[in-house]
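The values are calculated or read from the model by the stated rules, or taken from the named source; none is laboratory data. As the structure is a computational prediction, the values presented were derived from the model and not from experiment. Don't worry about glycine lacking a Cβ; one is built from the backbone with ideal geometry, like all the others, and counts go over all protein chains shown. Surface accessibility is based on the protein's heavy atoms, side chains included, excluding ligands, DNA and RNA. Shrake-Rupley method; radii C 1.70, N 1.55, O 1.52, S 1.80 Å.
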Amino acid sequence: MYDLFALSGTLGIWQDNYCRSDFPRCERYIRSQRGESVAKALLPNGKVLALAPRPAR
Amino acid sequence: MTYLPFWAGALALCGAALAHQALVGRALGVSGRFTAIVEAARRRAAGEAQVSDAAMIEALRAMTEAEFGIEAGEPVVAPRRETPTPATHALFMVGVLLGAFVVALATGTFTPSATLVDPGFAAFAGTGAGAIATLFSGGVLVGIGTRMAGGCTSGHGLIGVATLKPGSLVATAAFFGAGIVASFALEVLR
């Protein structure tokens, strides 16, 4: 997740609300605790980052 | 052969870590680069679409606004440097090898050999196929361990410990401890 968000200051907003406070409700944390794979684009609120991909070169 | 003093190596590592942070905007790490290269190759082989950093930032900004009601554009900070590409990672690896090679040449410690000359290792695993299998198996275990720990001696030991990251302190203590135990165990087995 850090790789994906390392470029933006809005990362801090998500970290303040999930990582540094109510992390038990973070969907990424929940899935990792279950041993499930965690998609890079999965946000802590359970939604997937809506990306507009460009075609692979 | 003349080896450089240990503190010269320490200063070089420190300089490399600081320079990497200043120039690349990220903490220095090695094992993650292998992962990035392999992941990029896997995505390319699978024909998966690639997403630009700008697209990711914009998507994150939009979802942050939707989740927290924060106006897009504040308090978003200007993005740091672009995510390193697989080519950048590969270039770093080549640089590591080249740097070691140059120093070895300069200090007269470059002694290429096709045989395993360390007596301690040979006493444990021999010098033939068994030694090769032992080395390969050890390498595989190192690779598995670094991915499980999310880093290696550079990411955890050099950067993580210096910045007092709890996960890095635990990982570094674990692999140093395991190395010490393994060393004593090998002494007994020899």
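What to note about this one:
- Contact map, region A:31-50: first residue more than 19 Å from residue A:17 (Cβ to Cβ), second residue among the basic types (Lys, Arg) and modelled with pLDDT of 85 or more, Cβ cut-off under 8 Å, separation 6 or more or different chains; pairs are A:37/A:31.
- Of all the listed residues (B:137, B:154, B:183), the sole one being open to solvent by 50 Å² or more (accessible area, probe 1.4 Å), closer than 27 Å to residue B:4 by Cβ and not aliphatic (A, V, I, L, M) is B:183.
- Test: residue B:159 is without any contact (Cβ under 8 Å) to a residue 60 or more places away in the chain and in a helix (DSSP H, G or I): no
- For the residues B:161, B:142, the requirement of being in contact with a Leu (Cβ under 7 Å, 6 or more places away or on another chain) and either open to solvent by 50 Å² or more (accessible area, probe 1.4 Å) or not aromatic (Phe, Trp, Tyr) (or both) singles out B:161.
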